[in-house]
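The values are calculated or read from the model by the stated rules, or taken from the named source; none is laboratory data. Please read all numbers here as calculations on a predicted model, not as lab measurements. Note that each Cβ is placed from the backbone with ideal geometry, even for glycine, and that neighbours are counted across all protein chains shown. Only protein heavy atoms, including side chains, enter the accessible area calculation; ligands, DNA and RNA are left aside. Shrake-Rupley method; radii C 1.70, N 1.55, O 1.52, S 1.80 Å.
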Amino acid sequence: MKSSALSLRLVPAQLWVAYGLVLVCVLLLGFNTEDGFSPDRLLRILSNAAPLGVVAIAQTLVIINRGLDLSVGPIMNTAGILTAVLTASPGASLATTVPIVLIVGASIGVINGVMLAFTRIPPLLGTLATATVIQGLYSLITRGQPRGSVPPELRVLADHRVFATPFSGSLIIWIVLLVIVGLVLTRTVAGQRFYSVGANPRAAWLSGVPIKSHTLIAYTASGLLSAAAGILLIAYSGSPSLTAADTYSLNSVVAAVIGGAALAGGTGGMVGTFAGVAVLAFLTTVLTSFNVASPIQLVVNGAVLILMLFVNGRIAKRRAHA
Amino acid sequence: MNNIISTTSWRSVKNARFLWALALFLLIVATVTLPAFRSSVSVNSLLATLAPIVIISIGQAITIMFGGIDLSVGAVAGLATVMLALSGTIPGGAAAAFALALFSGLVVGLINGLGVSSGINPLLMTFAIAGVVQGTALLVQNTSGAAMPLGFVSILGTSFGPVPLFALFAVLVLVGAWLWLSQSRTGRVLQAAGYDQQIAGRLGFHVARTTLIAYGLSGMLAALGGLAIVTRTYAADALIGRSSVIDSVATVLVAGILITGGVGSLLSVLPAAVIIAVVGQIITLTGTDANFQTIFKGVLLVAAMGVYQLAGGSLRIPWRLKKSAVPANKVGPR
């Protein structure tokens, strides 16, 4: 890491593509709107994307492990509903609520992890089933109308700047989580083992790395982070909802894939995922500033996903031949 | 293990005898215990819900037999309903709109097939296409002058006694698809490619062409399923097929078609769909919260995969998490 010229060449092609896309989006945004390059505005856009950012960390971890977690959206909804209900109950405060919510999220993750580590159920279907069950459960319990309110202390997280810096609380939480997870993945033995399990489970197993517990850890972390993202989301939106986070399941996968994570496992990382989230956040803002209807935004998101899958697939194939 | 290809032989059909028995058992229990289940209104509504599930599941079964999956069926069903509502704005009226709906399903399916054969993971490809199709359907939905051709839809929704036209049609399509997959050359190639795509390719089968056929059929059947839903709802709604994805995948897995492809019999889709629909009907008729139906489907999805793994003897519960290869004395995991 000492010579920068060498490390520049080691940057995977997917990262160039991802950050190129970010640059294109920022330029489009900057030239087409008044005051487009103001850092304050760009930071606000990123800050609003913090829930997606946190859940994308979760999704990337799972994808590195050769998995896929489609239950992140429903877990976020669960976290939002729980936070609102628990803080409204007498004698409760944020300090008691947040740990409970995080534990619930992690437990759902453990259920996913146990199911997927010990059976050969495909991750997509297993987590889709969990997602359906969770959705059914909270619709049943809330009778379609989530109650409770979001405490103002929580709203501060999304709305206010911390200590006169231009960063909001949720943005800082996101970046800190991103840096911690990134450092653990790239700079520790545990992180390297995590990658090795995703890249080639059998080889990892033969080298003495326990693969099943890594799968369990990946899904548990995913549940935990999704619950945190759910809390950030209601801090931003201000009301619990049964459906608000549904799109996050797809968008987190899109962010991870734009960031260079391949579903075959073993690749992807926090630097790329940050770019993926930034692309989605800026792209949405660009489309909104052009007055593009929200159905077209759906089309564009889908098209970007297909394009990136195609491009990343080609890059991976070329590297395999080289 | 029932590791044999789908044929029309008795041996292949016999594999699903427990499924048929379970479906029959549920039907008998429901008929005996619930007087409301016996009414002709209930039978009609059961069959009307069953028809789209069966039709969409056939398409899903074909892609899963091929070793893929189609997550865009729900969006395509929604698109089909929206296309049918265009009948007032295009020349040719309702019949042309009907053809257009099926054609749009076919086109979406072919795009899926192209993406998959170019090496994109089928899950993500169809997932992404679902987003694109849903967006498109929402746009088309807002076309001015679009209205559901009510006369045409009520013709489609004709019932012979308590049996809706589409239910008969669904059974016809099922048997047709089963015969095609089991007996035709393309069907056998599709199964072979589903079992092992690489070997099928090396044997000189046209895997890419078969990919297009499998996904194209799935898209077209999803559109047909959407039109079957319209005969009940009379509404053009881009989001009408939201539950179709999990319904169809659950049905296919309960039918014993392995998610890895190439194994299973298309005919078993019928008892599987009957089981799910009858349980749904019981939940509705007994006044139980409809959300239990959603939970039931999720649990069923996992249970079906678990049971078939168990039947294959491959479910092993390792009690020690940190078991690794190095200290172990002999065999590794397969």
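Computed quantities for the displayed model
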read-out	value
Tally of residues being more than 17 Å from A:Gly136 (Cα to Cα) and either surrounded by 18 or more Cβ atoms within 10 Å (Cβ to Cβ) or touching a helix residue (DSSP H, G or I) at 6+ places or on another chain (Cβ under 7 Å) (or both) across the range B:283-294	1
Among the candidates B:Val230, B:Val279, B:Val249, residue that is part of a helix (DSSP H, G or I), over 30 Å from B:Phe152 (Cα atoms) and open to solvent by less than 20 Å² (accessible area, probe 1.4 Å)	B:Val249
Residue in the range B:157-205 that is least open to solvent (accessible area, probe 1.4 Å), counting only those that are under 21 Å from the mean Cα position of the chain (by Cα), over 19 Å from B:Val263 (Cα atoms) and among the aromatic types (Phe, Trp, Tyr)	B:Phe166
Selection status of A:Val150, more than 22 Å from the chain's Cα centre (by Cα), of a type in the set (A, V, I, L, M, F, W, C) and buried (at least 20 other Cβ atoms within 10 Å of the Cβ)	yes
Verdict on B:Asp247 being farther than 14 Å from B:Gln60 by Cα and among the acidic types (Asp, Glu)	no
Some residue of the range A:130-138 being modelled with pLDDT under 90, surrounded by fewer than 24 Cβ atoms within 10 Å (Cβ to Cβ) and touching a Phe, Trp or Tyr at 6+ places or on another chain (Cβ under 9 Å)	yes
Number of the condition not met by B:Thr8 [criteria: (1) open to solvent by 10 Å² or more (accessible area, probe 1.4 Å); (2) in a helix (DSSP H, G or I); (3) closer than 15 Å to B:Leu267 by Cα]	(2)
Candidates B:Ala95, B:Ala51, filtered to the one that is buried (at least 22 other Cβ atoms within 10 Å of the Cβ), of a type outside the set (Phe, Trp, Tyr) and either touching a helix residue (DSSP H, G or I) at 6+ places or on another chain (Cβ under 6 Å) or assigned to a helix (DSSP H, G or I) (or both)	B:Ala51
Among (1) of a type outside the set (D, E, K, R); (2) open to solvent by less than 60 Å² (accessible area, probe 1.4 Å); (3) touching a helix residue (DSSP H, G or I) at 6+ places or on another chain (Cβ under 7 Å), the one test that B:Ser154 misses	(3)
Residue list for the range B:282-302, restricted to those being part of a helix (DSSP H, G or I) and facing another protein chain (nearest Cβ under 9 Å)	B:Asn291, B:Phe292, B:Gln293, B:Thr294, B:Ile295, B:Phe296, B:Lys297, B:Gly298, B:Val299, B:Leu300, B:Leu301, B:Val302
Of residues in the range A:91-129 being open to solvent by less than 20 Å² (accessible area, probe 1.4 Å), of a type in the set (Val, Ile, Thr) and assigned to a helix (DSSP H, G or I), the one nearest to B:Leu124 (Cα to Cα)	A:Thr127
Flag for B:Ile58 being open to solvent by less than 30 Å² (accessible area, probe 1.4 Å), assigned to a helix (DSSP H, G or I) and either farther than 20 Å from A:Leu298 by Cβ or not aliphatic (A, V, I, L, M) (or both)	yes
Within the range B:119-140, tally of residues that are more than 19 Å from the chain's Cα centre (by Cα) and facing another protein chain (nearest Cβ under 7 Å)	8
Within the range A:210-312, helices (runs of 4 or more DSSP H) holding 2 or more residues that are more than 12 Å from A:Val55 (Cα to Cα) and at the interface with chain B (Cβ under 10 Å from one of its Cβ atoms)	A:211-237
Only one of B:Gly176, B:Gly151, B:Gly204 that is part of a loop (DSSP other than H, G, I, E, B), more than 23 Å from B:Ala75 (Cα to Cα) and away from every other protein chain (no Cβ under 14 Å)	B:Gly204
Odd one out for A:Asp40 among (1) more than 13 Å from the chain's Cα centre (by Cα); (2) open to solvent by less than 30 Å² (accessible area, probe 1.4 Å)	(2)
Number of the condition not met by A:Val253 [criteria: (1) open to solvent by 30 Å² or more (accessible area, probe 1.4 Å); (2) under 11 Å from the mean Cα position of the chain (by Cα)]	(1)
Among the residues listed as A:Gly80, A:Gly67, A:Gly136, A:Gly148, the single one being without any contact (Cβ under 8 Å) to a residue 12 or more places away in the chain and either under 26 Å from A:Gly272 (Cα atoms) or in contact with a helix residue (DSSP H, G or I) (Cβ under 8 Å, 6 or more places away or on another chain) (or both)	A:Gly136
Candidates B:Leu301, B:Leu224, filtered to the one that is open to solvent by less than 30 Å² (accessible area, probe 1.4 Å), modelled with pLDDT under 85 and in contact with a Leu (Cβ under 8 Å, 6 or more places away or on another chain)	B:Leu301
Residue within the range A:185-199 that is surrounded by fewer than 18 Cβ atoms within 10 Å (Cβ to Cβ) and either modelled with pLDDT of 90 or more or part of a loop (DSSP other than H, G, I, E, B) (or both) present	yes
Subset of the range B:117-148 [open to solvent by less than 50 Å² (accessible area, probe 1.4 Å) and either modelled with pLDDT under 80 or touching a Cys at 6+ places or on another chain (Cβ under 9 Å) (or both)]	B:Ala146, B:Met148
A:Ser239 of a type in the set (S, T, N, Q) and surrounded by 19 or more Cβ atoms within 10 Å (Cβ to Cβ)	no
Selection count where residues are of a type outside the set (D, E, K, R) and under 21 Å from the mean Cα position of the chain (by Cα), scope the range A:68-99	17
Single residue of the range A:80-90 satisfying the filter (open to solvent by 50 Å² or more (accessible area, probe 1.4 Å) and assigned to a helix (DSSP H, G or I)) that is farthest from the other protein chains (Cβ to nearest Cβ)	A:Ala88
Single condition B:Gly241 does not satisfy, out of (1) within 14 Å of chain A (Cβ to nearest Cβ); (2) open to solvent by less than 20 Å² (accessible area, probe 1.4 Å)	(1)
Close pairs (6 angstrom Cβ cut-off, 6 or more residues apart or separate chains): assigned to a helix (DSSP H, G or I) in the range B:18-35, surrounded by fewer than 16 Cβ atoms within 10 Å (Cβ to Cβ) anywhere	B:Thr31/B:Arg38
